[in-house]
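Heads up, the thing below is written out as C-alpha cells.
Throughout, read-outs are computed from the coordinates displayed, never taken from laboratory work. Since the model is a prediction, treat every value here as computed from it, not as a measurement. Positions of Cβ are backbone-derived with ideal geometry, glycine not excepted, and every protein chain shown enters the neighbour counts.
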Amino acid sequence: MKNPAIEQFENDLQQLRHLIDALPVCISYVDTNYRYQFINQVYIDWFGLPRSAVINKHMAEVIGDEAFLHVQPQVKRALSGETIAYETTVPYQHGGSRCISAQISPAIDHDGKVKGCYAMIIDISQRKKSEEQFHLHEERWQLALEGSGDGVWDWYPQTGIEILSDRLREIYGYKKEDIADLSEELDRRTHPDDLKQMHLDRQAHFDGKTPIYINEHRVQCKDGSWKWILTRGTVIQRDEEGKPTRVVGTHTDISERKQAEVALRESEERLRMALSATHQGLYDLNVLTGDAIVNPEYAHMLGFAHEGFQENKKNWIARVHTEDIPAAARAFREHLEGKSDEYRVEFRQKKASGEWAWILSVGAVVEWDRDGRAQRMLGTVLDITEKKKTEALIWQQANIDTLTGLPNRRMFYDRLDHDIKLSKRNKLALAVLFIDLDFFKEVNDTLGHSTGDALLVEAAHRLRNCVRESDTVARLGGDEFTVSLPEMHEENRAETIAQNIIRSMSTPFQLAGEEIYLSASVGITAYPRDADNLDDLIKHADQAMYAAKAQGRNRFSYFTPGLQTAALARLRMTNDLRTAIAENSLRVYFQPIVDIHSGKIQKAEALVRWLHPQRGFISPMEFIPIAETSGLIIAIGDLVFREALCWVRKWRELYRPDFQISINQSPVEFQGDQERYINWIHELALQNLPGQAISVEITEGLLLDASQKITSKLLQFRDAGIQVALDDFGTGYSSLSYLKKFDIDYLKIDQSFVRNLATDASDIVLPEAIIMMAHKLDLKVIAEGVETQQQHDLLKQAGCDFAQGYLFSKPLPPEEFEMLLQRQKT
C-alpha cells in the first residue's frame, strides 16, 4: 500500500499535469536516467511528436544528441538537488535553434532523495531576436550623426579633457551654458550601484580585452529623475606604450527599453503564477467507475457549492443536454481507443439555476493498466457560453436578413441547392418565384426609410403565410424576395401560390397611421423544364418578374424562351455606356469619410456617376451590373483610379499628407489580367504616392470562393501598401477566417445596420459586435449610411472609427469636395 504522502503527491502532480497542458509553456519531467515521464501539449507541438513517442524515451532520442549535450549539465545539476534558472540557445535535431528561458527544479521524494527533475521552458526567441536587432542597430553609430538622437562624447584620458555634444547635454536636461564640466558632474550623478561595473567595462576595453566599450547604467538628470543610459565607446588613438589617448563614443537613452524589459519579466512571472492559479474547472476521472474528483471551480462554474458536490457518470448524464450526449460519448470513446490525442468536446450542461451553459471539456488518459486499458483521465472544463453566443450572433448575421428575419441570399442559395438535389432524386418538379414589390421606392421616398422598413417586415410576414413550412422564403435585398417550392405534386401549385401572394400584397398596409397600397410582380420558373441549375433558375425567375412588371405589374409571369425585352434593354444600355466611356462622359464624385471622434475628413470614397443625354443621371445600381456583365467595368475602374490618383495627390499636398481615397472594385475586375494592377502600382510610384494613398473596397462575395488569381491580387495590394476595405460587411457571408487570411484593413458596416439605429437604439448590438470583433483583429471600422446625429452618437459610443453618410455630405464633384477640405483647414 502506498504511503499517503506519496499518493497525495502523485494525485497533486497528475492534476497539475493536465492544468499545465493547456498553458503556452513547455513543461517536462525526466527521471534520474534522463528519460521522459511527462510532457505537456506545448512540448508535443514544439517537437511534432506524439506523446507516445516521447514518454520513457531518453532525452537524446527526442531532442537530439547535440541538444542533449547542451542541456545535460544543467539537468545533471538539478538531479543533484539544485534549482537552476538560465537562458540559452538550444539547437534543433534537424537544424536551426531556439532561444529559451528555462527553470529546472529537482523532484524530491518523501525520503529526501531526488527522483527526477521538472523543467519549465519559455520560448524567448522573438525577444532575443528583438534585442539582437536593437544591439546591432546601436553598433552602427557614427560620430558625425548628431541627428541620430544619440549624445556624442570625445574623451582624452591622459589630459582629462572631454568634449560633449549638445544632444548629450539635452538627454540629461542641461543646456550648454548650465555647467562647463558636465562629464565630471555626470560621474557624480551615476548610480552608485552601477559605478563599479562601468569602470570595469571601460578598463577591459582599454586593456584590449573587448573590441568596444559597452555599459548600461543609471544617471540622475538635472530634474532629479533617473535615466538608463547605454554608453558605447572605442579607443581610436593610443600612445607608444599602448595607452589610450583618445576615446569617442555615444550615450543613448534606453529608459523605455528597460521599462519594456521589466514589463516582459513581469509578464513571464505572471505566466508562471498561472500554473498554480487558474479559474478553469479540473476533474480527475476514474474511467472504470465513472467517479470523478473535481476542484471548487468545477462546481462553482455550474452554480453548485463544492462541499457535498459529487461528480459521476450518472450525475453528469443527467445534467448534459440529450442532443449533445452522442457527440460527447463518441469523442470519449475515440480517445480511449487511441484515435485522438485528447478528449475534446463542447456540450450544453444544465446549471443549478436551471440555465443551460456551453462547456468545453478537454482531457487525456494519464494511467493505463497492464493490459493497456485506460484507468484514469485528467481534464479541464471551461464555460464558453459567451463565446457560443457571439458565434451564434455572427451566424445569424451571415445567414439571416436582419430586418425581416428571413433567410438572406446566402442561405437561400444553400436551401435552393438542396431543393434541386431533392427534386432530382425524387423526380418531382420544383418552382422558384421571384417577387418584387411594385412602387416600393415611391413609398420609401415619400414616407421615409423607417416606414419602408416596417412595410418590408409586414410583407415578409404575409409571404410566409402564403407557403408551406417546408418552402423557403428569402429576402435577397431591397424589396426583392424569392421563394423555393420543392416537391410540387400539383402542376399548377406555383401559379396558385403566386396568385395568393399577389392577393395578399394587394391588401392595404396599415403603417404609421397611413393606409398604404402596394402590389407585387411575380416571376415563375420551374425545374427542370426551364433550367437545371441554381443560377439559371434564379436568373430566369428574375427575367419573368421583369416581364410581369412590363405587362403592367400586380401580376405573375412564367419564364419563356421568348423573354427578350429585358435583354434588349440591357443591350441598349450597354451600347450607351460604351459610348459614354469613349466620350469621357462619366464623372467621379467623392463622398467624405470622417473620423468619428475628431469630426475631421480623413478619407473619401470615389463614386462614378453617369449623366445620360436623354435619361439624365442613371443610378450606378442600374449600370454597374451591366458594366460587369459586358466587361466595361474594367475601363470604368481604370477611369476612377486615374481620377482618384489625380485628386488624392493634390489633396495630400494641400490639406492632409495622410489623405486617402477608396475605390470600389468589382469581383469581375479581380478576374482580369494581373498586369492591370501592376500598372496601378507603377502609376502610384510615378506620381510619387505611397500605397496608403489608395484603399480598395471589395465585397464579401469576392472572398467566398477566392481563387489563386484573386488571392494573389489581394496580396499584391498588401505588398504595395494599398489597404483593403470589406464593403457592406454583415450582408453576405461574414467569416472571421478570411479577415485574417487576406489581411483586411477596414470593415464597412452596411447602412442597413446603421439605418435601424434611427428608430431603435437597441439595434446597436450588431454593430457593437462587429466593431468589437474588428478591433480584436486589429481592423478599423467605417459605418456607412450615417444620416442622423443619433446614429452618429451611438456608433461613436460603440467605438466605431470612421463614419460616412448624408449627415456629413452627399457625394460631390471634386471641386465642391475640395471646398469642404478648404473650410476644414481654415
(request) Taking a cut-off of 21 Å between Cα atoms, list the lysines near Lys115, but don't count ones fewer than 8 places away on the same chain. (result) Lys2, Lys57, Lys76
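What is the fewest-to-most order of Thr482, Thr574 by other Cβ atoms lying within 10 Å of their Cβ?
Thr574, Thr482
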(request) Just subtract the alpha-carbon distance of Ser125 and Ile212 from 0.36 nm times their residue separation and send over the number in nm, one decimal. (result) 28.8 nm
(request) Please grab the % of Cα pairs in the range 230-374 that end up more than 27 Å from each other. (result) 50
(request) If a/c stays under 1.5 just call it rounded; otherwise compare a/b with b/c (prolate if a/b is bigger, oblate if not). Do that for the range 340-406, with a ≥ b ≥ c from the square roots of the Cα gyration tensor eigenvalues. (result) prolate
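Take the Cα pairs of the chain, get the Kirkwood Rh, then feed it into Stokes-Einstein at 10 °C and 1.306 mPa s and tell me D in µm²/s.
Reported coefficient: 47 µm²/s.
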(request) Quick one: P(r) of the range 12-129 from all Cα-Cα pairs, 5 Å bins, percents rounded to integers, in order of increasing distance. (result) 2, 11, 21, 27, 23, 11, 4, 1, 0
(request) Loop only per DSSP, at most 13 neighbouring Cβ atoms within 10 Å: give me the GluC sites (Glu not before Pro) in the range 567-636, ordered by residue number. (result) Glu583
(request) Starting with the fewest neighbours, write out Arg246, Arg468 ranked by other beta-carbon atoms found within 10 Å of each beta-carbon. (result) Arg468, Arg246
(request) With unit charges on the beta carbon (Lys/Arg positive, Asp/Glu negative), name the residue among Pro244, Phe68, His199 whose Cα is farthest towards the positive pole of the charge dipole of the chain. (result) Phe68
(request) Sum up the lysine pairs in the range 275-390 that clear both bars: alpha-carbon distance under 27 Å and a spacing of 8 or more or different chains. (result) 16
(message) Can you give me the distance in nm between label points at Arg77 and Asp793, each placed 7 Å from the Cα along the Cα-to-Cβ direction?
(response) 6.5
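Where Lys and Arg each count +1 and Asp and Glu each count -1, what net charge lies around Leu476 among other residues with Cβ under 12 Å from its Cβ?
Cβ neighbours under 12 Å give a net charge of -2.
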(request) Note down the magnitude of the dipole of the chain about its Cα centre, charges +1 on Lys and Arg C-beta and -1 on Asp and Glu C-beta and zero elsewhere, to the nearest 20 debye. (result) 1000
(request) Rounded to whole Å and sorted largest first, list the principal axis extents of the Cα atoms in the range 149-259. (result) 43, 31, 25
(request) Would you mind working out the magnitude of the charge dipole of the range 579-825 relative to its Cα centre, with +1 at each Lys and Arg C-beta and -1 at each Asp and Glu C-beta, to the nearest 20 Debye? (result) 500
(message) Straight-line reach only, C-alpha to C-alpha below 18 angstrom: list the aspartates and glutamates that Lys796 could link to, leaving out same-chain residues fewer than 8 apart.
(response) Asp595, Asp750, Asp760, Asp763, Glu768, Asp778, Glu784, Glu787
(request) For a footprinting-style exposure proxy, rank Ser255, Ser695, Ser752 by other Cβ within 10 Å, fewest first. (result) Ser255, Ser752, Ser695
(request) Just tell me which lysines come within less than 23 Å, Cα to Cα, of Lys129; anything on the same chain fewer than 8 places away is out. (result) Lys258
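If you average 1/r across every pair of different Cα atoms in the range 596-746 and take the reciprocal, what Kirkwood value do you get, in Å?
16.4
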(message) How large is the Kirkwood hydrodynamic radius of the range 586-638, counting all unique pairs of alpha carbons, in Å?
(response) 12.8
(message) Please report the projected area of the range 402-569's Cα convex hull averaged over all directions, in nm².
(response) 9.5
(message) Distances longer than 18 Å among the Cα atoms of the range 58-108: what percent of all pairs is that?
(response) 31
(message) Using the basic label-point model (7 angstrom from Cα toward the beta carbon), what is the Thr496 to Glu628 distance in nanometres?
(response) 3.7
(request) Please quote Rg/Rh for the range 10-69 to two decimal places, taking the Kirkwood radius as Rh and restricting both calculations to Cα atoms. (result) 0.97
(request) Calculate the spin-label point distance for Asp109 paired with Leu195, positioning each point 7 Å from the Cα along the beta-carbon direction, and give it in nanometres. (result) 5.5
(message) What number does the range 513-610 give for Rg over Rh if you use C-alpha atoms and the Kirkwood radius?
(response) 1.20
(request) Just give me a number: lysine pairs in the range 402-569, eight or more positions apart or cross-chain, with C-alpha atoms less than 26 Å apart. (result) 6
